[in-house]
Amino acid sequence: MSVLAVDVAKQLGALDLRVRFEAASGATALFGPSGAGKTSAVNMIAGLLTPDRGSIALDDEVLFDAAAGVNMPPHRRRIGYVFQEGRLFPHLSVRQNLDYGRRMSGLPRDPAQFEQIAALLDIGPLLDRRPRLLSGGERQRIAVGRALLMQPRLLLLDEPLASLDAGHKREILPYLVRLRDDAKIPIVYVSHTPQEVRRIATRVVRLDAGRVVASGGVELLKDADADLFA
Amino acid sequence: MLDLSPADWTAVELSLRIALVATACALPFGITVGWVLARTNFWGKTLLDGLVFLPLVMPPVVTGYLLLISFGRKGPIGAFLYEHFGIVFSFRWTGAALACGVMGFPLMIRPIRLALEAIDRRLEDAAATLGANPIRVFVTVTLPLALPGVIAGVMLCFARALGEFGATITFVSNIPGETQTISAAIYTLTQVPGGDAAAGRLVLIAIALALAALIASEWLARRAAIRFHGE
C-alpha cells in the first residue's frame, strides 16, 4: 500500500510554511482557510515548487530530500494532479487530453482502462470536443480522467470544485466519492469547504497559516465549521 | 501583359528561393532566441535584445558591410567556414539568403517572443505532472500554443527577405542569375534607358508576391485559431 510522507518547510513571502503529514490509502483532506498554504503543499508534492528544507517520500522512493540534494523533476514523479482550473490543453481534443499523460509517460495503449475511466466519469460523449466548448463540470471530470489515465501512484486534487457552481459541484461529487472507493492509490484532496471534505475525506489534516494545527478523522470538521462560519 | 524575359523569371525565382531559405534557416534561431528572451533572465540579456534588433534600426548598408567584412572570403567567420566546411557566402545566392535572414530576424523574433510570453505557464506545469519532460513540454504544449506568433514571425521575415535590398547588394553585389533578386533587378532596370517597362512588370510581380504572402499568412493564422479554440 502506498504511503506518502511529507515533511517540508518553505518561506513564501510572509507565509512561513512548515507542513508535516502522511497520507495512506483513502482520501486525505488538506483542509483550511485560503492562504493557509494548501496549494503550495501539493505543488511541492508534485514537484512544481521546491521546498527550502525537508523531505517528501512516496512508498520507499524519495521524491525530495533537501539534505541529500534529491529533487526528482515533476515529469518523473508519476503523481496525478487535478488543478483547480482544470488546465486542459486548449489545442487538443478531449480524447487527446485524456491520452496525453499515457503518451508522455511512455505507457502502452490500454483501451480497457480508457473505457473504464471514461465510463466512471461519464465522458464518452465528449471525446471529440474541444475543451473550450465544455462546461466547467465536464472540464473537471476530464481533468480527473486525464490524471488517472497516466496511472499515477498518488492523486492530488486541488480544490477541484472551487470554480464550479452548486449544480456542477453536486454533479461531480459522486464521481469523486466513487474514485476514492475504486482507485487503489492515495488521494490528497485540498479544500476549504467542510461539506465537500465531509463527503470525500477519510482523514483530515487541518492547516492554518502554514502549520498543521490538527490531524485525524472527519470529526475534526465540527470545530472547523464553527471557526470558518463564525 | 506580363511578358517576362527569362532574365526576369530568374530574378523572381532567385528572390523566392533566397527568401524561403533565409526564413527557413532563421526559424530555428528565431524560436530559440525568442524563447531565451521570453523565458530566461541573465546578465547581458538587454545586450542580446539590442543586438537582435540592431538590423532593424541600422541602415541596411551597414548590416551588409558588416556581413561583408565578417562573412566575406577573407573575413574571420567566412574564412573559417570556407576552410573547414567549404561554405562560401560572398557573391553567392547563399550570401543573399544570409543577408535576408539577418535583416528579417528582428521581425521574426518579436511575434514569437510575444506569443511565448503570453502562454499560460500553468499549462506547462500540468504537462510536466503528466510525465512530459521539458523538451516534450515545449514541443507538445509551448510550441503549438505559440503557433500563431510563429506564423506571424515567419511571414514578416519572409516578406522582409523578399524585399531586402540594401544589405544584400552591399554584401553579395548584384549579379544576374546569382544574387540579383527582384529588388536588385528593378533597381538595375531603372538605371538604364528604356528599362521602365521591364521594371514595371517586376513591380507588378513584387506586389502580387506580397499580396499572396499576406493572404497565406491570414489563412494560416485563421486555421491555427480554429485548431485551438474550435470553430
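Annotations for the structure displayed:
Residues are listed down the side, and each one gets a yes or a no for (1) within 15 Å of A:I185 (Cβ to Cβ); (2) part of a helix (DSSP H, G or I); (3) among the basic types (K, R):
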{"residue": "A:A112", "(1), (2), (3)": "no, yes, no"}
{"residue": "A:L120", "(1), (2), (3)": "yes, yes, no"}
{"residue": "A:P125", "(1), (2), (3)": "no, yes, no"}
{"residue": "A:R129", "(1), (2), (3)": "no, no, yes"}
{"residue": "A:R132", "(1), (2), (3)": "no, yes, yes"}
{"residue": "A:G137", "(1), (2), (3)": "no, yes, no"}
{"residue": "A:A143", "(1), (2), (3)": "no, yes, no"}
{"residue": "A:P152", "(1), (2), (3)": "yes, no, no"}
{"residue": "A:L155", "(1), (2), (3)": "yes, no, no"}
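- Unmet criterion (only one of (1) free of Cβ contacts under 8 Å to residues at least 60 places away in the same chain; (2) part of a helix (DSSP H, G or I)) for B:P193: (2)
- Only one of the numbered conditions (1) away from chain B (no Cβ under 14 Å); (2) in a helix (DSSP H, G or I); (3) under 17 Å from A:S191 (Cα atoms) is violated by A:L161, and that is (2).
- Screening A:Q113, A:Q151 for residues that are more than 14 Å from chain B (Cβ to nearest Cβ), among the polar types (S, T, N, Q) and touching a residue at least 24 places away in the same chain (Cβ under 8 Å) leaves exactly one candidate, A:Q113.
- Meets criteria (at pLDDT 85 or above, closer than 16 Å to A:A27 by Cβ and assigned to a strand (DSSP E or B)) for A:V197: no
- Looking only at residues in the stretch B:92-109 that are in contact with an Asp or Glu (Cβ under 9 Å, 6 or more places away or on another chain) and of a type outside the set (A, V, I, L, M, F, W, C), the one that is nearest to the other protein chains (Cβ to nearest Cβ) is B:G104.
- When residues of the stretch B:110-162 are limited to those that are more than 10 Å from chain A (Cβ to nearest Cβ) and of a type in the set (D, E, K, R), the one farthest from B:L209 (Cα to Cα): B:R121
- In summary, A:A5 fulfils each of the numbered conditions (1) surrounded by fewer than 19 Cβ atoms within 10 Å (Cβ to Cβ); (2) facing chain B (nearest Cβ under 10 Å); (3) aliphatic (A, V, I, L, M) with the single exception of condition (2).
- Spans of helices (runs of 4 or more DSSP H) in the stretch B:1-84 with at least 2 residues more than 29 Å from B:A184 (Cα to Cα) and at pLDDT 90 or above: B:6-39, B:45-57
- Test: B:F71 is in contact with a helix residue (DSSP H, G or I) (Cβ under 6 Å, 6 or more places away or on another chain), crowded, with 20+ Cβ neighbours inside 10 Å and farther than 30 Å from B:A118 by Cβ: yes
- Selected residue (only one of A:R78, A:R141, A:R87 is on the phi < 0 side of the Ramachandran plot and of a type in the set (K, R)): A:R141
- Taking the criterion of being more than 14 Å from chain B (Cβ to nearest Cβ) and polar (S, T, N, Q), the only residue of the stretch A:34-46 that qualifies is A:S34.
- Restricting the stretch B:161-181 to residues that are under 30 Å from B:A115 (Cβ atoms) and surrounded by fewer than 24 Cβ atoms within 10 Å (Cβ to Cβ), the residue that is farthest from the chain's Cα centre (by Cα): B:G166
- Qualifying residue in the stretch A:182-190 (condition: over 14 Å from the mean Cα position of the chain (by Cα), modelled with pLDDT of 80 or more and closer than 30 Å to B:G131 by Cα): yes
- In the stretch B:186-231, the residues that are β-branched (V, I, T) and within 14 Å of another protein chain (Cβ to nearest Cβ): B:I226
- Scanning the stretch A:47-83 for residues that are outside any strand (DSSP E or B) and more than 10 Å from chain B (Cβ to nearest Cβ) gives A:T50, A:P51, A:D52, A:D59, A:D60, A:A66, A:A67, A:A68, A:G69, A:M72.
- Among the residues making up the stretch A:11-46, those that are touching a helix residue (DSSP H, G or I) at 6+ places or on another chain (Cβ under 7 Å), assigned to a strand (DSSP E or B) and crowded, with 17+ Cβ neighbours inside 10 Å are A:L17, A:V19, A:A27, A:A29, A:L30, A:F31.
- Selection count where residues are at the interface with chain B (Cβ under 8 Å from one of its Cβ atoms), touching a helix residue (DSSP H, G or I) at 6+ places or on another chain (Cβ under 6 Å) and more than 17 Å from A:L154 (Cα to Cα), scope the stretch A:89-103: 3
- The residue of the stretch A:116-146 that is farthest from the other protein chains (Cβ to nearest Cβ), among those that are among the acidic types (D, E) and closer than 16 Å to A:P90 by Cα, is A:E138.
The values are calculated or read from the model by the stated rules, or taken from the named source; none is laboratory data. The structure presented is a predicted model; accordingly, all values stated were derived computationally and were not measured. Here Cβ is always computed from backbone atoms with ideal geometry, including for glycine, and neighbour counts include all displayed protein chains.
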